[in-house]
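Participant: What follows is a structure written as structure tokens; I'll ask about it next.
Please treat every number below as a calculation from the coordinates, not as lab data. What you are looking at is a predicted structure, and each value in this text was computed from that prediction instead of being measured. With ideal geometry, Cβ positions are generated from the backbone for all residues, glycine too; neighbour counts draw on all protein chains shown.
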């Protein structure tokens, strides 16, 4: 992938985010509309994206690639968690601040930003396969360890894993391994619905930025630290490691894209749920999402050059 093509695709992504900002500012999309679209993406269009990609050729090889992506990402997240724990101890952070640091600096927005970015830059099949790997890696750590940081007495709930996206991911893996395919009409329907995921998700992200208080976002040093780790330090460190791994170039670029995403919004949801640094978590999510307008082109342009894609 040439730098020119990469920058062109990133410009399209920014225009979609900009659309969300504009329609929020002029009153077309309010918070209620945004929540509806978020639910639509997570419950309908994103699962359709995954199902549509279950019919690709090379099923077992595709699953093997997805599992490699999952393992690489899980190891990356665990290393980043260890670094954040050391940093939080050195900074003498409170339990709540430590939980937000780990949740926001380590766990990226794989579903809303990651899959749309991979789809736009590498194609829908890569978006579904490696996006699913990212979602699995995220959910397993988030709903076990990160949730425990917010509430040490919280129990792991199986219900938290039974989301439309996770269920569809499991179905996709079974279909890829077995060679099963959707009937032609259903596959075409899923592709058509799945094609709306990227613009909708990025419009929603733009709406979140439009509703953020920029003055508060730039006033908190801890927010800047979280964004620096999430958007630059961790992705660039990951890129250095990826250059040494004998993996498929598309796989390496896909996991780098996931690692470059802003903080996942579930961290803010969990912080509010447990009444633990909810404002800090929300600021970190919004701030890191805003900063990817600069960090993503930088990291991915460098990654495209070094990874030979």
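Participant: Order these peptides, 274-281, 208-215, by their mean beta-carbon neighbour count within 10 angstrom, highest first. Walk me through the numbers before you get to the answer.
Facilitator: Details: 274-281: 19.2, 208-215: 15.1.
Per-residue mean Cβ counts within 10 Å order the peptides as 274-281, 208-215.
Participant: Convex hull volume of the Cα atoms in segment 1-137, per residue, in Å³?
Facilitator: Details: hull volume 21.4 nm³, N = 137.
Once divided by residue count, the hull of segment 1-137 is 156 Å³.
Participant: At 222 nm, what helix-only mean residue ellipticity would the chain give, in deg cm²/dmol to the nearest 500, using -39500 (n - 2.57) for each DSSP H run of four or more?
Facilitator: On the way: 17 runs with 224 residues, N = 309.
Computed mean residue ellipticity for the chain: -23000 deg cm²/dmol.
Participant: Would you mind listing how long segment 4-48 runs along its three principal axes, going by Cα atoms, in whole Å with the largest first?
Facilitator: If we take the Cα atoms of segment 4-48, the spans are 37, 31, 8 Å.
Participant: Now a separate question. By its C-alpha gyration tensor, with a ≥ b ≥ c as the square roots of the eigenvalues, how is segment 189-296 shaped: rounded for a/c under 1.5, else prolate for a/b larger than b/c, else oblate?
Facilitator: Values: a/c = 2.06, a/b = 1.25, b/c = 1.65.
It is oblate, given that a/c is not under 1.5 and a/b is not larger than b/c.
Participant: Only Cα pairs within less than 10 Å get springs; with that Gaussian network setup on the chain, which residue of 296, 79, 146 has the largest fluctuation?
Facilitator: 79
Participant: Among 35-42, 286-293, how do they line up from the highest to the lowest mean number of other beta-carbon atoms within 10 Å? The partial results should precede the final answer.
Facilitator: On the way: 35-42: 15.8, 286-293: 22.8.
So the order, starting with the most tightly packed, is 286-293, 35-42.
Participant: If a/c stays under 1.5 just call it rounded; otherwise compare a/b with b/c (prolate if a/b is bigger, oblate if not). Do that for segment 87-223, with a ≥ b ≥ c from the square roots of the Cα gyration tensor eigenvalues. Let's see the in-between values first.
Facilitator: Values: a/c = 2.82, a/b = 1.58, b/c = 1.79.
In terms of gyration-tensor shape, oblate.
Participant: In a Gaussian network model over the chain where Cα atoms closer than 10 Å are linked, find which of 26, 171, 140 has the largest mean-square fluctuation.
Facilitator: Of 26, 171, 140, the Gaussian network model singles out 26 as fluctuating most.
Participant: Please give the contour-minus-distance gain from residue 82 to residue 189: 0.36 nm per residue of separation, less the Cα-Cα distance, rounded to one decimal in nm.
Facilitator: Details: separation 107, 0.36 × 107 = 38.52 nm, distance 4.33 nm.
Residue separation times 0.36 nm, minus the Cα-Cα distance, leaves 34.2 nm.
Participant: Oh, and also: In whole Å, what are the Cα extents of the chain along the three principal axes, biggest one first?
Facilitator: Principal-axis extents of the chain (Cα, largest first): 55, 46, 44 Å.
Participant: On a 0 to 90 degree scale, rounded to 10, what angle separates helix 31-40 from the longest Cα axis of the chain?
Facilitator: 40 degrees
Participant: Additional query: Arranged from highest to lowest average of other beta-carbon atoms within 10 Å per residue, in what order do the peptides 87-96, 118-127 appear? Spell out each step's value before the answer.
Facilitator: Details: 87-96: 13.5, 118-127: 21.9.
Most protected by this proxy first, the peptides run 118-127, 87-96.
Participant: To continue, here is another question. Suppose the chain between residue 240 and residue 159 were pulled fully straight at 0.36 nm per residue; how much longer would it get relative to their current alpha carbon spacing? Walk me through the intermediate numbers first.
Facilitator: On the way: separation 81, 0.36 × 81 = 29.16 nm, distance 3.70 nm.
Length difference between fully extended and current span is 25.5 nm.
Participant: Cα atoms only: what Rg and Dmax, in Å, come out for segment 113-171?
Facilitator: Reported Rg and Dmax, both Å: 13.6, 42.
Participant: Taking a quarter of the surface of the convex hull around the Cα atoms of segment 209-261, what do you get in nm²? Please list the in-between numbers first.
Facilitator: Numbers: hull surface 17.5 nm².
Computing the convex hull of the Cα atoms and averaging its projections yields 4.4 nm².
Participant: Hey, fewest Cβ within 10 Å first, where do 24, 19, 227 land in order?
Facilitator: In order of increasing Cβ crowding within 10 Å: 19, 24, 227.
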